[in-house]
Amino acid sequence: MNAFAVSCATIPPANFVRDARQLRRDSVDHWFIICPRFGGSKVRIGDKVLVTQPATPLLLSLADSFDGQNAQCESCSLFMPRDALQSIVGALDLARNRTLDTPIAGLLGDYIQLLERGLPDLKQADIPAVTDATKAMIAACLAPSSDRQAEAQGQIDIVWRERVRQLVEQRFRRPTLGPDELCRLLGISRSRLYRVSEPLGGVQHYIRRRRLREAEAELCREGSVRPIFEIAESLGFADASSFYSAFRAEFGCSPSEKRAAAAQDKGESMPRPARTDGQPSDLGSLLRALKA
């Protein structure tokens with residue numbers, strides 16, 4: 001990704017070490033931010049012991065020696081050449097070899113994980129803009145100021161939107177799910193919730209649409225015989241008539257018509273082809289190829 005590289009790895013329990021001999025041999029001195037998804041590691045740097053855990057990014061420097069132990073874990077990491085962020089080099093030095101446990105740093109961790117998931121579908125022409133956006137997000141989180149946060153507001157909103165989406169995904173079957181519950185769980189104001197949810201069509205609309213998509217999936221499932229009113233009730237609809245009305249508005253047919261049509265037309269999706277993009281095949285080669 002021009003100045004950056006992103007890695008996602010599932011790691012078995014193991015010891016690791018980066019010693020002075022490796023520092024001399026590989027000539028890589030990049031910063032990197034580790035964002036655990038599950039599990040964790042203990043990292044020793046001199047007399048300091050750092051513990052990684054989900055939702056708390058860790059900023060390390062490949063210019064330093066360290067060692068430690070992994071538990072079974074999965075983590076996403078963002079690698080940055082030392083000269084890629086000259087405007088905040090002082091802030092990077094202050095945060096060097098520390099866990100980033102502020103609320104805004106948690107947004108950065110979520111952003112890096114979103115970035116990793118979206119990279120396979122990123123077009124080459126979009127990479128410069130995404131790289132600049134990533135620099136803005138790092139600067140806003142590690143050296144916060146009103147100007148930097150304004151510059152990164154689009155990326156910050158993307159992270160909040162994903163948090164909304166994840167909570168809806170976990171709780172869409174609950175009849176009580178709505179703006180008040182989401183604000184309480186996310187710790188944000190109603191005005192921010194409405195702003196970040198606007199690209200989703202509004203928070204109430206998004207919740208209703210997620211419930212309707214689940215209803216459609218159940219109705220189209222092979223051998224589906226569950227009564228429609230039970231499906232509606234299990235998805236948080238107050239009554240069958242409101243469910244029927246919302247379903248017809250969304251799909252242009254009644255639930256029973258959707259079920260009958262699905263029974264006559266069972267298709268199979270084609271597997272997604274593997275990507276072949278000609279990138280370096282190992283992490284060391286990729287890091288040495290990065291340019292600030």
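Relative to the longest principal axis of the chain, what angle (0 to 90°, nearest 10) does the C-alpha long axis of helix 127-142 take?
Roughly 80 degrees, rounded to the nearest 10.
In degrees between 0 and 90, to the nearest 10, how far off the longest principal axis of the chain does helix 240-251 point, with axes built from Cα atoms?
Between helix and principal axis, roughly 60 degrees.
What is the gain in length, in nm to one decimal, between C253 and R171 on full extension, counting 0.36 nm per residue of separation less the C-alpha to C-alpha distance? The partial results should precede the final answer.
Details: separation 82, 0.36 × 82 = 29.52 nm, distance 2.62 nm.
Additional length available on full extension: 26.9 nm.
Got a sec? Which residues in the stretch 50-75 would a label at N15 touch, if it sits 7 Å along Cα→Cβ and we count backbone N under 12 Å?
67-70
Quick check on packing: order 138-148, 251-261 by the mean number of other C-beta atoms within 10 Å, highest mean leading.
Working: 138-148: 18.4, 251-261: 15.1.
Highest to lowest by the protection proxy: 138-148, 251-261.
Could you work out [θ]222 nm for the chain from helices alone, using -39500 (n - 2.57) per DSSP H run of at least four and dividing by all its residues? Round to the nearest 500 deg cm²/dmol. List each step's numbers first, then the result.
Details: 13 runs with 141 residues, N = 292.
Value at 222 nm, helices only: -14500 deg cm²/dmol.
Determine by what factor the alpha-carbon radius of gyration of the stretch 1-100 differs from 2.2 N^0.38 Å, reporting the quotient. All intermediate terms of the calculation are to be shown ahead of the outcome.
Values: Rg = 13.1 Å, N = 100, 2.2 N^0.38 = 12.7 Å.
Taking the Cα Rg and dividing by 2.2 N^0.38 Å, one obtains 1.04.
What order do you get for 109-117, 17-25 when each peptide is scored by the mean count of other beta carbon atoms within 10 Å, highest first? Working shown, then result.
Numbers: 109-117: 20.2, 17-25: 11.4.
By packing density, highest mean first, the sequence is 109-117, 17-25.
Working from Cα positions, state the angle (0 to 90°, nearest 10) between the long axis of helix 103-118 and the longest principal axis of the chain.
With both axes taken from Cα atoms, the answer is about 70 degrees.
I want to verify the translational diffusion coefficient of the chain in µm²/s; compute it with Stokes-Einstein, Rh as the Kirkwood radius over Cα pairs, at 4 °C and 1.567 mPa s.
In µm²/s, the coefficient is 59.
A short reminder: the numbers here are calculations on the coordinates, not readings from a lab. Please read these numbers as outputs of a predicted model, since none were measured by experiment. Heads up, the Cβs are rebuilt from the backbone with ideal geometry, glycines too, and the neighbour counts pull from every protein chain shown.
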